[in-house]
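Participant: I'd like to ask you about the structure that follows.
The values are calculated or read from the model by the stated rules, or taken from the named source; none is laboratory data. It should be emphasised that the depicted structure is a prediction, and the values quoted were computed from it without experimental measurement. Reconstructed Cβ throughout: ideal geometry from the backbone, glycine too, with neighbour counts over all protein chains shown. Each accessible area value is taken on the protein alone, full model and side chains, heavy atoms only, with ligands, DNA and RNA left out. Shrake-Rupley method; radii C 1.70, N 1.55, O 1.52, S 1.80 Å.
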Amino acid sequence: MAKIHFYYGVMGSSKSAELGINAFNFERTGNKWIAIKPTTDDRDSKTDIVSRIGVKTKAMALKNLDKFNPKRGTQFILVDEVQFFSPADIDKLVYIADHSKITVVCYGLMIDSNQNIFPASKHLVEVGAELHRMDSVCEMDNCTRLATHHIRFDKDKNVIRDGQQVKVGADQYISVCRDHFNRLYGGEMVLKK
């Protein structure tokens, strides 16, 4: 039986770059793979997966996985920004992993900028995906702690504490440790203008 994996981390923890590296290595070794991403993720490309360091991977952009069926012979499905899919889409990936020889490898965020777990990420945990945390360091000056949260802010660097869960873009977020998240989110400190 194939497996389903979930590589999760904060923004900037090299999830999309890791996906691209895996795709490159699969290609190099003759393994058949396909990469998919949700249409919600149109930050750098409507179809390609593009990491912040410039690693680009060809992908299919899908609104949902209702009609998704991997080509015969596929050995790996690489899923970027998995948090933007639905729990029903996760069920489809689990079905594929459980009823074929395809390994499904998902990459994405666990929580949003209000500490709420994304429904698809939650469902990956519920269905027993093998979890792999991708570490990154807090982006606040001189902090060397593990980044575990995201702070969303407006053009004036004011912390946004409500609103829609899905807002694509790297320029309105900073990845921080739990202590800095609590202090910024609680209003004890502010982001530098």
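Participant: Restricting to the stretch 99-113, give me the number of residues that are surrounded by fewer than 15 Cβ atoms within 10 Å (Cβ to Cβ) and either in a helix (DSSP H, G or I) or without any contact (Cβ under 8 Å) to a residue 60 or more places away in the chain (or both). Walk me through how you get there before you give the answer.
Facilitator: Start the filter on the stretch 99-113 by keeping residues that are surrounded by fewer than 15 Cβ atoms within 10 Å (Cβ to Cβ), which leaves 99, 101.
Filter again for either in a helix (DSSP H, G or I) or without any contact (Cβ under 8 Å) to a residue 60 or more places away in the chain (or both), leaving 99.
Final tally of qualifying residues: 1.
Participant: Applying the selection to the stretch 143-162, what residues are of a type outside the set (Val, Ile, Thr) and either at pLDDT 95 or above or in contact with a strand residue (DSSP E or B) (Cβ under 8 Å, 6 or more places away or on another chain) (or both)? Reasoning before the result, please.
Facilitator: Just the residues of the stretch 143-162 that are of a type outside the set (Val, Ile, Thr), to begin with: 143, 145-147, 149-150, 152-158, 161-162.
Answer for the stretch 143-162, where residues must be of a type outside the set (Val, Ile, Thr) and either at pLDDT 95 or above or in contact with a strand residue (DSSP E or B) (Cβ under 8 Å, 6 or more places away or on another chain) (or both): Cys143, Arg145, Leu146, Ala147, His149, His150, Arg152, Phe153.
Participant: Right, another one. When only residues in the stretch 131-160 that are touching a residue at least 40 places away in the same chain (Cβ under 8 Å) and of a type in the set (S, T, N, Q) count, which is most open to solvent (accessible area, probe 1.4 Å)?
Facilitator: My answer is Thr148.
Participant: Would you check if Ala61 is surrounded by fewer than 21 Cβ atoms within 10 Å (Cβ to Cβ) and among the aliphatic types (A, V, I, L, M)? Can you show your working first?
Facilitator: On the way: surrounded by fewer than 21 Cβ atoms within 10 Å (Cβ to Cβ): yes; among the aliphatic types (A, V, I, L, M): yes.
So Ala61 passes the test.
Participant: Would you check which residues across the stretch 1-33 are outside any loop (DSSP other than H, G, I, E, B) and surrounded by fewer than 16 Cβ atoms within 10 Å (Cβ to Cβ) and list them?
Facilitator: Residues of the stretch 1-33 outside any loop (DSSP other than H, G, I, E, B): 4-8, 15-28, 33.
Correct list: Ile21, Phe24, Asn25, Glu27, Arg28.
Participant: Could you check, for the stretch 119-130, whether at least one of its residues is assigned to a loop (DSSP other than H, G, I, E, B) and open to solvent by 60 Å² or more (accessible area, probe 1.4 Å)? Don't jump to the end; show me each part of the working.
Facilitator: First, the residues of the stretch 119-130 that are assigned to a loop (DSSP other than H, G, I, E, B): 127-129.
Checking which are open to solvent by 60 Å² or more (accessible area, probe 1.4 Å) leaves us with none.
No, there is no match, as no residue in the stretch 119-130 is assigned to a loop (DSSP other than H, G, I, E, B) and open to solvent by 60 Å² or more (accessible area, probe 1.4 Å).
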